[in-house]
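Everything on this sheet refers to the single structure shown next.
Derivation of every value follows stated rules applied to the coordinates shown; laboratory data play no part. Everything numeric here is computed off the predicted structure, so don't read it as measured data. Because the Cβ atoms are built from the backbone with ideal geometry, glycine has one as well, and the counts that use them run over all protein chains shown.
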Amino acid sequence: MSPLRWDVLAVGFVLALPVLALGLRGDLGPEDVVARLPWCLAAGWAAVALLRWAATPRRPPADSPADDDPAA
């Protein structure tokens, strides 16, 4: 999964809002804000990957030969 998908960028932007707000308020310097923004993108990628994995429907297991045995 590409880290530049629209859903990953949207989640990364939402996660970056507190960092940007702290930068605008003056609690973080510009260097700190720039250093933390890639971590927001990485966290967005991880969150979307986890949600996509959890939302993927499970396939039923392949039929085994024991299931076709009418004597069982």
The stretch 1-40 residues near the modelled ALA55 label - backbone nitrogen below 18 Å, point 7 Å along Cα→Cβ: 1-15
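Any chance you could run the full-extension gain for ALA62 through LEU9? It's 0.36 nm times the residue separation minus the Cα-Cα distance, nm to one decimal. Display every interim value, and only then the final one.
On the way: separation 53, 0.36 × 53 = 19.08 nm, distance 3.71 nm.
Once the chain is fully extended between ALA62 and LEU9, it gains 15.4 nm.
Within 14 Å, Cβ to Cβ, of VAL48, how many net charges do the neighbouring residues add up to if Lys/Arg are +1 and Asp/Glu are -1?
Numbers: positive: ARG5, ARG52; negative: ASP7.
That sum, taken over residues with Cβ under 14 Å, equals +1.
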Dimensions (Å) - the stretch 9-55, Cα atoms, principal axes, largest first: 39, 15, 13
